[in-house]
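Data first, discussion second: the structure below is written as structure tokens.
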Amino acid sequence: MSHPLHQNPSTPITPRGTTTRRGFLSLSAGTASLAALAACGGTGGGSASGGGGDTIAFWDMPWGEPAYNTAAEKLTTTYKPTGENLPAEYQTVQWNNFTQTFASAIASNTGPAVSTGGGFQAYQYAEQGAIAYADDLLETFKTDGIYDDFLPGTIEPFKSADGYVAVPTQIDMRVWWYRKSIFDQEGLTLPTTWEEYLTVATTLAAKGYSAYGTGAGAGNFNGSQGLVTMLINNGGGFYNTDNELDCVTDRNIETLDFVAQLRSAGIIDPAAVSYTTDNLNSQWRDGKVAMGIFGAGLDNEIGDTSGDLRVATPMAGPHGDLGCLQYLNNIMMYKNTPSQASSEAFLLYWFKNYGTLFQQKLLNGLPVLQSVVDLPEFQAEAQKAEIIKTWQPIGKTFAATGNVVSARAAAIDGGQALNEFAQTVLSGGGDSRATLEKLQKDIEAL
């Protein structure tokens, strides 16, 4: 398991930008203990089940500044159930050591009835038998009109052989950004293909700018996530169309060869392999990076209010492919609940009203509902609105080029195998085929 496993929460996680992605995406290296504890725990209701028997316990993560959790708690306690449905209670669960928090609580039947959490958490607990599938809830969404409000491709990744393990709530993307003032100064136009990008990036490198801003130092998952985006952009990924692990493909080799060309041309900063998140942010903030792959909140992450940092146009790969890495944060339900009907009734209320959190600009992620995207408060965040418009439709999950996301993705995302892969590629430590062969073996060993 992983935290995203790209978000290894061994250190406290702050709620902004690239660190926030951790929250969006999976469970950390402590997942082995989580799996063991969860396997020991029952899933039936008890006196402490999901909220003490008379309430639905909703555990939520810090998805923004502290004001987010304050507002989310108010939204929860404002809920007025009808009929025999139970009210909800709210609890904030910090990212630091959150895997252990969930594991011990679920093992002792003192866990939540509903929660957010790591992006792969639902898949993992489903395999442990702890998840209450969301199929009935989604049928209610269809009747209520909410189902059709979800952005295309956001619900489907949660479908397993046994049912939908969760419902998406936020999107976390890895997209290309650029600094407009540098492009204007150098008289450059945005590239729309890799070939054009190589020409533009070579020009920028000659002027002393990094045109592939990245980092793979301690705690920085940008390097690995950027490379996954490049693989997807060239029609590659870690799986084949039969959803079997298949890293050593012609498209993946071609992508790494292209990255090697970027490194040889000085387009990638040689020191990037050791850049921490703070180092990389400083490079962007100081105007040393002209172009690079980052999360949806780069401008917020480095405090840019000038509008100089812009989301770039998607670039077609050598064979015309378009694509990028997309993570889906979600809400899940647990079998350990005083009332499954009450859990579902609360989530129906939550999705009808959670747009208010975006109106208050309290969430760092991107919304999954078109009605929320259309809110003037969200549209006012021009770069995020542009990402939803141009990048989200081509976003793909960690399952690319397959279509089945499962708990195994957590063992890859942000894990040591992927981190070592990124460091090898960015430092030029081996030929492309050999690097991918090692990645395949390292993932299989997980």
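Please return the ranges of helices (runs of 4 or more DSSP H) entirely within segment 79-192 where 3 or more residues are at pLDDT below 95. Give the steps one after another, and end with the answer.
Numbers: elements: 98-107, 121-127, 135-144, 180-186.
Helices (runs of 4 or more DSSP H) meeting the threshold: 98-107, 121-127.
Just need a number here: residues in segment 292-342 that are among the aromatic types (Phe, Trp, Tyr) and within 18 Å of the chain's Cα centre (by Cα).
Qualifying residue count for the region: 2.
Is segment 427-436 home to any residue that is out of contact with any helix residue (DSSP H, G or I) (no Cβ under 7 Å at 6 or more places or on another chain), at pLDDT 90 or above and of a type in the set (A, V, I, L, M, F, W, C)?
yes
So which of Thr101, Thr70 ends up being more than 19 Å from the chain's Cα centre (by Cα), among the hydroxyl-bearing types (Ser, Thr, Tyr) and either assigned by TED's automatic domain parsing to the domain that holds Ala410 or within 26 Å of Asp162 (Cβ to Cβ) (or both)?
It is Thr101.
Of all residues being at pLDDT 90 or above and not aromatic (Phe, Trp, Tyr) in segment 35-63, which is farthest from Asn96 (Cα to Cα)? Just the residue, please. Before you say what the answer is, go through the steps one by one.
As a first pass, look at segment 35-63 and keep what is at pLDDT 90 or above: 54-63.
If we keep only those that are not aromatic (Phe, Trp, Tyr) as well, we get 54-57, 60-62.
Numbers: Asp54: 29, Thr55: 26, Ile56: 24, Ala57: 20, Asp60: 13, Met61: 10, Pro62: 11 Å.
Residue satisfying both the conditions and the ranking: Asp54.
Just one of the numbered conditions (1) assigned to a loop (DSSP other than H, G, I, E, B); (2) within 22 Å of Asp431 (Cα to Cα) is not true of Met230; which one?
Failing condition for Met230: (1).
Among the residues of segment 152-175, what is the count of those that are of a type outside the set (A, V, I, L, M) and out of contact with any Phe, Trp or Tyr (no Cβ under 8 Å at 6 or more places or on another chain)?
Going through segment 152-175 one residue at a time, the tally reaches 6.
Residues in segment 365-375: is at least one touching a residue at least 40 places away in the same chain (Cβ under 8 Å), assigned to a loop (DSSP other than H, G, I, E, B) and either more than 24 Å from Val165 (Cβ to Cβ) or touching a helix residue (DSSP H, G or I) at 6+ places or on another chain (Cβ under 7 Å) (or both)? Spell out how you get there, then give the answer.
Keep residues of segment 365-375 that are touching a residue at least 40 places away in the same chain (Cβ under 8 Å), which gives 365-371, 373.
The next check asks that each one be assigned to a loop (DSSP other than H, G, I, E, B); those that pass are 365, 368.
If we keep only those that are either more than 24 Å from Val165 (Cβ to Cβ) or touching a helix residue (DSSP H, G or I) at 6+ places or on another chain (Cβ under 7 Å) (or both) too, we end up with 365.
Yes, some residue in segment 365-375 is touching a residue at least 40 places away in the same chain (Cβ under 8 Å), assigned to a loop (DSSP other than H, G, I, E, B) and either more than 24 Å from Val165 (Cβ to Cβ) or touching a helix residue (DSSP H, G or I) at 6+ places or on another chain (Cβ under 7 Å) (or both).
Which of the residues that make up segment 268-315 are closer than 26 Å to Phe258 by Cα, assigned to a loop (DSSP other than H, G, I, E, B) and charged (D, E, K, R)?
Residues satisfying the conditions are Asp269, Lys288.
Six or more apart or on different chains, Cβ atoms under 6 Å: show the pairs whose first residue is in segment 145-165 and farther than 19 Å from Tyr327 by Cα and whose second is part of a helix (DSSP H, G or I).
Ile146/Phe351; Tyr147/Phe141; Gly163/Asp135
The values are calculated or read from the model by the stated rules, or taken from the named source; none is laboratory data. For clarity, every value in this text was computed on a predicted model and none was experimentally measured. No Cβ is skipped: glycine too gets one built from the backbone with ideal geometry, and neighbour counts run over all protein chains shown.
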